[in-house]
């Protein structure tokens, strides 16, 4: 890759904060500059003033063993205490979670309810012999017992390793063995799109090859029959039946491990990202308050992610509960039993803040405006985006159709490894631009550099780096510190390289361009897949697009596009030509796709990310790689057949 990425797509639309929003915003003008005057002191202030400590820290950053940075090392804390106990005097009857099951059941848990459930389960874990430093694997669907299990582990110093409930037994085996988990917490089945997902059966298949596991705790969810192994398997309800609903929280050092979360890479051994206590909670609580402008006595907050991913850890469990939020947890698919399920929930519960993924937003676009149009969404006051760069037109659709052109949109950039949001607008301060994550949050610093590590001037593109430590940062890769250094800290020594490309516009706003691995080299030009995809999605017929570079004898790589259309739009040769010309006029002739395939869906991981590796395999007629991590395996063969029969080449 040469020194810079092409800056092709220009976006001139801008939306200043609403003056009424500004007046009441949590983050006020000047906060970035104030934080920058003493950024270490800023984070210490956030830690001491936002959290409850058994022993408040006096130290800030320990950088004596870089890049294994440590924060607030003399502080003593418990995250379960911060999420629950400290709210009981003033807010015991405040709702912590409204839960909606996919078949339609509902539950409401107050902070007192959640406290009691967590204490009972923490005592139950102790009764099985679990203690500080042990690891528990959590393999569950979106049920309230999942945050209960996480908080119970945190209460007694057990490290939790949550595994997304959509993963297979093979993925579970790797994660249990790497973390050496002694207990697996699961459920009989989970609901997804009207079907029962066999979590217990998958667990049984995995545990046959995980020698560290001594017990399997099983939650009754659907009530369907499952096999239980005597002496190993225990029903959740029977285990907690006689447990006390009081449990003294363990006093933990700020740098004690909190959880291991495995990144779902497409190849190679999963990386067990280790997060610790005090720095992590400081940053997730701060960012939850600032980015979402969260008002604990007014808002109904919904992060529509899965708790099995880092977004759910940080912004369904730890950040919101620390900030005394009332949150929504929904168990199932967004299109079951109909395409308006999310909008009905927003109307029913008067949701004020919605945080979801660009993949979901583009699906909503494809399904059509009639579904949100059936419901009153006027309670919404802020919208968020997470998971990947959002196309400008998807941003505009979200703001117009879901936000009624009144809600600020906060497009957030961060990763499993960063632990918390790093780059995002602050809704009371930042003029937003569709598709831009804007600038680093207060107390944080980032840069865009070329291949030599030199900062790229405004208006240029290159590699995103985080150029100083931050409190919620991953401390290591579990069991493999050398891989931690090699993966994240070796490309640009002294700076964290997340593997993403980015550009900065003339205002200094950051525009994320996706994984550097996905950059295409076309006739000597480094072109971002994100920019070409955004150009395609800006056409009114297109809901979603994925772009890859495939080998080409003339240009080195040629651009191959895979496009899903909106609503009832039919793809034909006329539309193919129109899309090519649209890309050419939007970002330049060099970016015109050489081939376009219309498809009903795109191959995506269970976290919603498009699997471009498989699309490259299809484009170059190669043997298809592993598809077991996909949410929709069947679509790959469908796309391959369509590519062979309907692909139109320029």
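The values are calculated or read from the model by the stated rules, or taken from the named source; none is laboratory data. Computed from a predicted structure; not experimentally measured. Using ideal geometry, Cβ is built from the backbone for each residue, glycine included, and neighbour counts are taken over all protein chains shown.
General observations
- From 102, 93, residue being at pLDDT 95 or above, in a loop (DSSP other than H, G, I, E, B), outside the structural domain of residue 345 (by TED's automatic domain parsing) and crowded, with 19+ Cβ neighbours inside 10 Å: 102
- Sole residue being closer than 28 Å to residue 151 by Cβ and either surrounded by fewer than 22 Cβ atoms within 10 Å (Cβ to Cβ) or modelled with pLDDT under 95 (or both), chosen from 325, 304, 360: 360
- Residue in the stretch 87-110 that is farther than 30 Å from residue 245 by Cα and in contact with a helix residue (DSSP H, G or I) (Cβ under 9 Å, 6 or more places away or on another chain) present: no
- Odd one out for residue 472, checked against (1) modelled with pLDDT of 95 or more; (2) within 18 Å of the chain's Cα centre (by Cα); (3) closer than 24 Å to residue 519 by Cβ: (3)
- Of the residues screened, residue 331 is not one that is closer than 24 Å to residue 132 by Cβ, surrounded by fewer than 24 Cβ atoms within 10 Å (Cβ to Cβ) and modelled with pLDDT of 95 or more.
- Inside the stretch 569-597, residues that are part of a helix (DSSP H, G or I), touching a helix residue (DSSP H, G or I) at 6+ places or on another chain (Cβ under 9 Å) and touching a residue at least 60 places away in the same chain (Cβ under 8 Å) make up a count of 4.
- Failed condition for residue 242, given (1) assigned by TED's automatic domain parsing to the domain that holds residue 414; (2) within 29 Å of residue 218 (Cβ to Cβ); (3) without any contact (Cβ under 8 Å) to a residue 60 or more places away in the chain: (1)
- Verdict on residue 425 being within 30 Å of residue 65 (Cβ to Cβ), part of a loop (DSSP other than H, G, I, E, B) and modelled with pLDDT of 95 or more: no
- For the stretch 398-410, the set of residues classified as more than 19 Å from residue 303 (Cα to Cα) and assigned to a helix (DSSP H, G or I) consists of 400 only.
- Only listed residue being surrounded by fewer than 21 Cβ atoms within 10 Å (Cβ to Cβ), at pLDDT 95 or above, in the same structural domain as residue 346 (by TED's automatic domain parsing) and touching a strand residue (DSSP E or B) at 6+ places or on another chain (Cβ under 6 Å), chosen from 384, 403, 419: 403
- Boolean, residue 35 is in contact with a helix residue (DSSP H, G or I) (Cβ under 8 Å, 6 or more places away or on another chain) and either at pLDDT below 95 or not assigned by TED's automatic domain parsing to the domain that holds residue 590 (or both): yes
- Qualifying residues in the stretch 525-564 (those that are touching a residue at least 40 places away in the same chain (Cβ under 8 Å) and in a loop (DSSP other than H, G, I, E, B)) - the one surrounded by the most Cβ atoms within 10 Å (Cβ to Cβ): 528
- Filter pass, residue 456 being modelled with pLDDT of 95 or more, touching a strand residue (DSSP E or B) at 6+ places or on another chain (Cβ under 7 Å), more than 25 Å from residue 416 (Cα to Cα) and not assigned by TED's automatic domain parsing to the domain that holds residue 439: yes
- Qualifying residue in the stretch 466-475 (condition: over 25 Å from residue 46 (Cβ atoms) and not assigned by TED's automatic domain parsing to the domain that holds residue 559): no
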